[in-house]
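Chemist: Here it is: the structure, laid out below.
The values are calculated or read from the model by the stated rules, or taken from the named source; none is laboratory data. Note that the structure is predicted; figures quoted are calculated from it, not measured. Here the Cβ positions follow ideal geometry from the backbone for every residue, glycine too, while neighbour counts run over all protein chains shown.
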Amino acid sequence: MNSETSITGPVDLGDFVETYLPDDELLAATRARAEELGCLPVSCATGAALGFLAATLQARAVVEIGTGTGVSGLHLLRGMAADGVLTTIDLEPEFHRSARRVFLDAGFPPGRMRLIMGRALDVLPRLTSGGYDMVFADAARVEYPGYFDLGVQLLRPGGVIVFHNVLVGGRLGDPARRDPELLALREVARAVREDERLRPAIIPVGSGLLAAAVGS
């Protein structure tokens with residue numbers, strides 16, 4: 001046997017994925033602030049996937065629905081093009097204050113961020129149609145179908161829309177569960193799958209990402 005080979009036993013795949021790219025100091029502090037404010041941030045692996053998508057797209061314009069304390073926004077900004085602008089929407093002023101502070105502490109100038117306070121379903125129609133490379137939704141799940149209808153219209157050809165928290169602990173496929181959030185998630189999952197403009201996939205990291213690219 002090779003002296004460098006060791007048998008450590010089975011490794012939990014989910015744990016490995018989540019710890020492969022752990023939070024740095026700033027992200028860890030931002031995550032702790034989210035817990036203080038009762039806000040559930042994206043997991044480490046989910047954040048890494050968002051940054052990867054933004055980098056792959058060389059995204060210069062991204063819409064985030066649900067700012068939180070800035071965990072997902074920081075991942076997105078780090079993946080975006082050097083001149084990219086993140087437009088992030090949230091109802092909570094304290095979340096915006098926290099996220100702005102995090103983005104500035106990370107070295108991003110004010111011109112790289114646009115924080116809009118308001119209900120996403122009211123804000124999205126005011127944004128430029130066809131002007132964005134990526135839309136990330138992580139807010140009220142009962143509103144996901146509305147985010148889908150409005151979000152796809154914002155994307156350029158080749159752009160990507162992403163919904164967070166779609167697997168909900170495996171309950172999405174349980175026909176016995178019919179609460180409003182699950183019904184909304186099933187509706188948006190069906191709409192994404194059946195829309196001929198889109199190339200969809202479910203990415204099983206964290207609590208699940210539903211992603212779809214607009215055909216070019």
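Chemist: Whether any residue in the stretch 58-71 is part of a helix (DSSP H, G or I) and surrounded by fewer than 21 Cβ atoms within 10 Å (Cβ to Cβ) is what I want to check. Explain how you work it out, then say what you get.
Modeler: Initially, the stretch 58-71 is screened for residues part of a helix (DSSP H, G or I), giving 71.
If we keep only those that are surrounded by fewer than 21 Cβ atoms within 10 Å (Cβ to Cβ) too, we end up with none.
The answer is no, given that none of the residues of the stretch 58-71 is part of a helix (DSSP H, G or I) and surrounded by fewer than 21 Cβ atoms within 10 Å (Cβ to Cβ).
Chemist: A follow-up question, please. So, restricting to strands (runs of 3 or more DSSP E) that lie completely within the stretch 112-216, which ones have at least 1 residues that are modelled with pLDDT of 95 or more, touching a Gly at 6+ places or on another chain (Cβ under 9 Å) and hydroxyl-bearing (Ser, Thr, Tyr)? Working first, answer last.
Modeler: On the way: elements: 113-117, 132-137, 155-164, 198-203, 209-214.
The qualifying strands (runs of 3 or more DSSP E) are 132-137.
Chemist: Okay, moving on. In the stretch 186-213, what residues are touching a strand residue (DSSP E or B) at 6+ places or on another chain (Cβ under 8 Å) and surrounded by 19 or more Cβ atoms within 10 Å (Cβ to Cβ)? Quick ask: steps written out before the conclusion?
Modeler: Within the stretch 186-213, the subset touching a strand residue (DSSP E or B) at 6+ places or on another chain (Cβ under 8 Å) is 188-189, 192-193, 195, 197-203, 206-213.
Once the filter is applied, which keeps residues that are touching a strand residue (DSSP E or B) at 6+ places or on another chain (Cβ under 8 Å) and surrounded by 19 or more Cβ atoms within 10 Å (Cβ to Cβ), the stretch 186-213 yields Val188, Ala189, Val192, Leu198, Gly206, Gly208, Leu209, Leu210, Ala211, Ala212, Ala213.
Chemist: Still on this structure, please answer the following. Name, by its number, the condition in (1) without any contact (Cβ under 8 Å) to a residue 40 or more places away in the chain; (2) acidic (Asp, Glu); (3) in contact with a Leu (Cβ under 6 Å, 6 or more places away or on another chain) that does not hold for Asp179.
Modeler: Status for Asp179: all satisfied but (3).
Chemist: Residues of the stretch 24-80 being free of Cβ contacts under 8 Å to residues at least 24 places away in the same chain and acidic (Asp, Glu), which ones?
Modeler: If the condition is that a residue be free of Cβ contacts under 8 Å to residues at least 24 places away in the same chain and acidic (Asp, Glu), then Asp24, Glu25, Glu35, Glu36 are the ones that fit.
Chemist: Given the conditions (1) in contact (Cβ under 8 Å) with a residue 24 or more places away in the chain; (2) in a helix (DSSP H, G or I); (3) not charged (D, E, K, R), which single one is not true for Ile89?
Modeler: (2)
Chemist: Turning to a different aspect of this structure: Which of (1) under 16 Å from Ala106 (Cβ atoms); (2) touching a Phe, Trp or Tyr at 6+ places or on another chain (Cβ under 8 Å); (3) part of a helix (DSSP H, G or I) does Ala45 not meet, given it meets every other one?
Modeler: Unmet condition: (1).
Chemist: A further question on this structure: Select from the stretch 34-68 the residues that are of a type in the set (Ser, Thr, Tyr) and more than 18 Å from Pro22 (Cα to Cα) and list them in ascending order.
Modeler: Our first condition is that a residue be of a type in the set (Ser, Thr, Tyr); within the stretch 34-68, this holds for 43, 46, 56, 67.
Correct list: Thr56, Thr67.
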